[in-house]
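The values are calculated or read from the model by the stated rules, or taken from the named source; none is laboratory data. Remember, predicted model here, so these are calculated numbers, not experimental data. Virtual Cβ from ideal backbone geometry, glycine too; neighbours counted across all protein chains shown.
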Amino acid sequence: MHLRDLLLAPAAAVALATIGSSAWATPPQPALHDAFNAHQTYLYNAEVAGFGMRMPGSVGHQKTEDLVKRVVAADGGQFSTDDFVAETPRGKVPVHTLIGKFNVSAIPHQPIFILAGHYDTLFKTGFIGANDGGSSTAILLGFADALHRAPKTKMQIWLVWTDLEEAVKAFQGNDGLYGSRHLANQLRAEGLVPRIKGFFLLDMIGDKNLDVDKESTSTSWLQDFIYAAAKQIHYEQYFFTYSEPIIDDQVSFANVGIPVVDVVDATFGPMGPGYDAMGEYHHTNQDTMDKVSEHSLMIVGRTVLRAVEMIDSQN
Ligand SMILES: [Zn+2]
């Protein structure tokens, strides 16, 4: 039937008007990557950085835990924690990894996808980690909000704020990655590994000068989804112009057999001799909010969620 026929038939025109008004009453839900609110994510980043130092046991750490718990609950996620006491070169340190589970259905063996990032900061006086610790905490909060607004994925999506990622003294041996190692071993013990389709780690992705590493120990077929997603939404210039290995929380999950990608900007500030291998601002008190941008959070947030949509459509 042509539109003109409808216009000439009053009864059909009324029916069309009714359908039209009900469609207006319930606007379609945005796709997951379009539901990501970069401005709100930037505000979360500023709020978390404003808590100050956030190493385990600090007031800032507790405030971050409270914020994560509040946002997960407001967004309808199931909140849980993985708590234990780590033996470290500094003695016993209490560790609280925070987990928000979204889109959990009654389907047995429902596939799971994990998006993670650390929320602790380095043990260093005056270090507030706006990018290192702050941006990863904030982008996961932005993901929680997006999951609340978007249509349900078929996979369960777990948001995991890892704790005590940073080394207590120096990143060598088993010093560092405490929270992720404990959780990964837990997942293996519970027999959950086969259900976990993949794991994306977000780290230092708030950097104003965004340049995401094609991290060389990551699972390449899963990394391809990130690049394909970036290309689809025209952000590919920000991804994979260099390839460096980074020891980060993804290693703990790779070690139990989960496909992983470290989505990390490994060049933070000027690079070169005399600077830290990850840039002048890395692990210094110059890691502050003026080095972070809403635009970078938007690029990474939308790209990662687009990749999740693509993977979800295959599961
Ligand atoms: Zn760090």
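Specify which of the listed residues (Phe253, Phe268) is touching a strand residue (DSSP E or B) at 6+ places or on another chain (Cβ under 6 Å), touching a residue at least 60 places away in the same chain (Cβ under 8 Å), assigned to a loop (DSSP other than H, G, I, E, B) and within 21 Å of Asp120 (Cα to Cα). Spell out the reasoning first.
On the way: Phe253 fails: assigned to a loop (DSSP other than H, G, I, E, B).
Matching residue, one of Phe253, Phe268: Phe268.
What are the residues in region 71-85 that are closer than 12 Å to Tyr178 by Cβ and either at pLDDT below 95 or touching a Leu at 6+ places or on another chain (Cβ under 6 Å) (or both), if any? Within region 71-85, Asp82 is the sole residue that qualifies. Residues in region 172-194 that are closer than 21 Å to Thr153 by Cα and not in a loop (DSSP other than H, G, I, E, B) were compared, and the one that is nearest to the ligand (Cβ to nearest atom) is Val193. Evaluated against (1) within 16 Å of the ligand (Cβ to nearest atom); (2) under 17 Å from the mean Cα position of the chain (by Cα); (3) hydrophobic (A, V, I, L, M, F, W, C), Met55 falls short on exactly one condition, (2). Tally the residues that are within 16 Å of the ligand (Cβ to nearest atom) and free of Cβ contacts under 8 Å to residues at least 60 places away in the same chain, restricting the search to region 279-315. Residues flagged as within 16 Å of the ligand (Cβ to nearest atom) and free of Cβ contacts under 8 Å to residues at least 60 places away in the same chain within region 279-315 amount to 3.
crowded, with 24+ Cβ neighbours inside 10 Å, aliphatic (A, V, I, L, M), within 16 Å of the ligand (Cβ to nearest atom) and part of a helix (DSSP H, G or I), is that true of Ala116? The answer is no for Ala116. Looking at Val256, Val264, just one residue is within 16 Å of the ligand (Cβ to nearest atom), of a type in the set (A, V, I, L, M) and closer than 30 Å to Glu190 by Cβ, and that residue is Val264.
Could you pull out the residue among Lys169, Lys197, Lys231 that is among the basic types (Lys, Arg) and either in contact with a helix residue (DSSP H, G or I) (Cβ under 6 Å, 6 or more places away or on another chain) or assigned to a loop (DSSP other than H, G, I, E, B) (or both)? Just one listed residue meets the conditions, Lys169.
If you go through region 51-73 and keep only what is of a type in the set (Gly, Ala, Ser), without any contact (Cβ under 8 Å) to a residue 12 or more places away in the chain and exposed (fewer than 14 other Cβ atoms within 10 Å of the Cβ), you end up with just Ala73. Scan region 133-190 for residues that are more than 29 Å from Ile299 (Cα to Cα) and of a type in the set (A, V, I, L, M, F, W, C) and the total you get is 5. Among the candidates Ala106, Ala86, Ala73, the residue that is closer than 26 Å to Asp262 by Cβ and not hydroxyl-bearing (Ser, Thr, Tyr) is uniquely Ala86. Exactly one residue out of His283, His234 is surrounded by fewer than 14 Cβ atoms within 10 Å (Cβ to Cβ) and either closer than 19 Å to Phe143 by Cα or not aliphatic (A, V, I, L, M) (or both), and it is His234. Exactly one residue out of Phe127, Phe102, Phe123 is of a type in the set (Phe, Trp, Tyr) and more than 16 Å from the ligand (Cβ to nearest atom): that is Phe102.
Condition first: at positive phi, out of contact with any helix residue (DSSP H, G or I) (no Cβ under 7 Å at 6 or more places or on another chain) and touching a residue at least 24 places away in the same chain (Cβ under 8 Å). Can you find one or more residues in region 135-150 that meet it? No, that holds for no residue. When region 119-152 is filtered for residues that are crowded, with 22+ Cβ neighbours inside 10 Å and of a type outside the set (A, V, I, L, M, F, W, C), the ones remaining, listed by number, are Tyr119, Asp120, Thr121, Gly129, Asn131, Asp132, Gly133, Gly134, Ser135, Ser136, Thr137, Gly142.
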